[in-house]
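Novice: The structure follows.
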Amino acid sequence: MSNPAEAPFSAAAQAILNDLEQHREKDIRWRDGKAFSLTYCASDDARNLSETAYRMFSHENALNVAAFPSLKKMQQEVLDFVMQLLEAPPTGAGFMTSGGTESLVLVVYGALQRAIALRGTERPQNQRFNVVLPSSAHAALEKGCTYFNVEARRVPVRADWRADEEAMIAACDDNTILVACSAPQYPQGVVDPLERIGAETLRRGIPFHVDACMGGMLLPFLAPSNVPWNFSVPGVTSMSVDLHKYGYTAKGSGVIVYANKELRQHQTFFTNNWLGGMYGSSGILGTKSGGPIASSWAMVQYFGVEGYRNLALTARKVALQIARHIDAIPELQMRAEPDTTLLCIGARNPESLSIFAVARELRGNGWYVDEQTPPDSMHLTVNVVHENRVDEFVADLVAAVKKAVNAEPNKDGGSAPLPYGSV
Ligand SMILES: Cc1ncc(COP(=O)(O)O)c(C=O)c1O
């Protein structure tokens, strides 16, 4: 059989493909480097390889990797690659997931199952189990807590937006099943301090997750040795990393890694309590495409450690260039010095400038930036696709600020922020 990626299309199929191209017309222009959110693009060559690898395995079913040894092998090789970057212990064990949200929901589920297994009781008497989280931790952890009826015990971050170690420790009690921090957290882009929390959770036997969905493919190459962020921190029991972010793979690819198989076993699911025999699965999905696994494997082969190092260093350089330009715009301020490539920008005087009005002006020029609150901020996820766009973006940003300063407040649709995730 010929390679399906190269098969010619019938006229009917080609017409449908043309329609699909048209449907894209109003989508954000991420391939051109005009979007600072949701998407990542390393190069045309890498993207073509990733898409072709995805297509080759898109109809294969990763629900049963015994039936597809190719997927089993690729998944393991991707995991081994990521575990090495995370300095996972030799006992480390993980799975590929569909991305950060699935990883984080599974971490909460696994912690709950572990707590139930250890206590031999379904739920604490008259109380709920809780997960202790800084206010900056990703919404997907909140989602996990909501799904499994666990309290998301949010602890305010410090003035520098990092987790408040002492307050986090003070928030833990006998019903705490998990503590989670981020490397870096999404909203302001800073890495949480882990060492005090790790020491305490280790002492108390509480699992400690580090969400490196954003940073896992960056920090191995950027982190100064005095910023501990991975399994080298005593007490860290699990980490999540997304390949569909700074691994530049097709969407649907994340990794969850536990310090050992004992910890990992609580997230897996097995049943024979139906008429279909034994059924096991590693994550939330049942049937799942082999595409993300193949795309991830192809990108790991293509870039390797050195390729990812170059990508990380370039993205970081571009992020810092933009940050320095923002420092020079009197009406704007960086909310934090970024630890990786995430920039959070606010108005120096919110009384005279709505940062959301600035974002609206930028959108009018074809840019796409995230809006978030609290506090009212603009958020940029910078990656290598932006390398040759910095001057143009900064010029448009300066013009957008000028217009927004002079704009009447709440003109054309008001200043409610555009949601980062929506249905
Ligand atoms: C720190 C962090 N964790 C988790 C996620 C969730 O990842 P996803 O949207 O791929 O499920 C994100 C997404 O941006 C993130 O920044």
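Only the coordinates and a few stated rules stand behind these numbers; no lab work does. Treat the numbers as computed from the prediction; the structure is a model and nothing was measured. Backbone-built Cβ (ideal geometry, glycine too); neighbour counts: all protein chains shown.
Novice: Which residue, V385, Y246, W30, has the largest displacement toward the positive end of the dipole of the chain when charges sit on each Cβ (Lys, Arg +1; Asp, Glu -1)?
Specialist: The residue sitting farthest along the positive end of the dipole is Y246.
Novice: Next question, about the same structure. How big is the shadow of the Cα convex hull of segment 339-387, averaged over all directions, in nm²?
Specialist: For the Cα atoms of segment 339-387, the hull's average projected area reads 4.0 nm².
Novice: Using the crude model of +1 on Lys and Arg Cβ and -1 on Asp and Glu Cβ, and no other charge, please compute the dipole size for segment 1-135 relative to its Cα centre, in debye to 20.
Specialist: On the way: 13 positive and 15 negative charges, 138 e Å.
Rounded to the nearest 20 debye, it is 660 debye.
Novice: Could you work out Rg/(2.2 N^0.38 Å) for the chain, with Rg from alpha carbons only?
Specialist: So the chain has a normalised radius of gyration of 1.02.
Novice: Starting from the 7 Å offset along Cα-to-Cβ, what nm value, one decimal, do you get for the label separation of R29 and R203?
Specialist: 5.6
Novice: Translational diffusion coefficient, Stokes-Einstein: compute it for segment 1-144 using the Kirkwood radius over C-alpha pairs as Rh, at 20 °C and 1.002 mPa s, and state it as an integer in µm² s⁻¹.
Specialist: 107
Novice: Further question: Please list, by residue number, everything in segment 330-348 whose backbone N is under 19 Å from a paramagnetic label point 7 Å out along Cα→Cβ of K402.
Specialist: 330-333, 348
Novice: Can you return the lysines within cross-link range of K72? Criterion is Cα-Cα under 25 Å, with same-chain partners fewer than 8 residues away left out.
Specialist: K245, K251, K261, K288
Novice: Rounded to two decimals, what is the ratio between the C-alpha radius of gyration of segment 304-406 and 2.2 N^0.38 Å?
Specialist: Dividing the Cα radius of gyration by 2.2 N^0.38 Å gives 1.08.
Novice: Under 15 Å from the Cβ of G92, count the other residues' Cβ atoms, weight Lys and Arg +1, Asp and Glu -1, and hand me the total.
Specialist: -2
Novice: Which value, to two decimals, describes the C-alpha radius of gyration of segment 54-299 once divided by 2.2 N^0.38 Å?
Specialist: Rounded to two decimals, the normalised Rg is 0.98.
Novice: So for segment 245-338, what are the equivalent ellipsoid semi-axes in whole Å, largest first, each being the square root of 5 times an eigenvalue of the Cα gyration tensor?
Specialist: Over the Cα atoms of segment 245-338, the semi-axes work out to 41, 18, 13 Å.
Novice: In percent, how large is the relative contact order of the chain, given Cα pairs closer than 8 Å and 6 or more residues apart?
Specialist: For the chain, the relative contact order is 21 percent.
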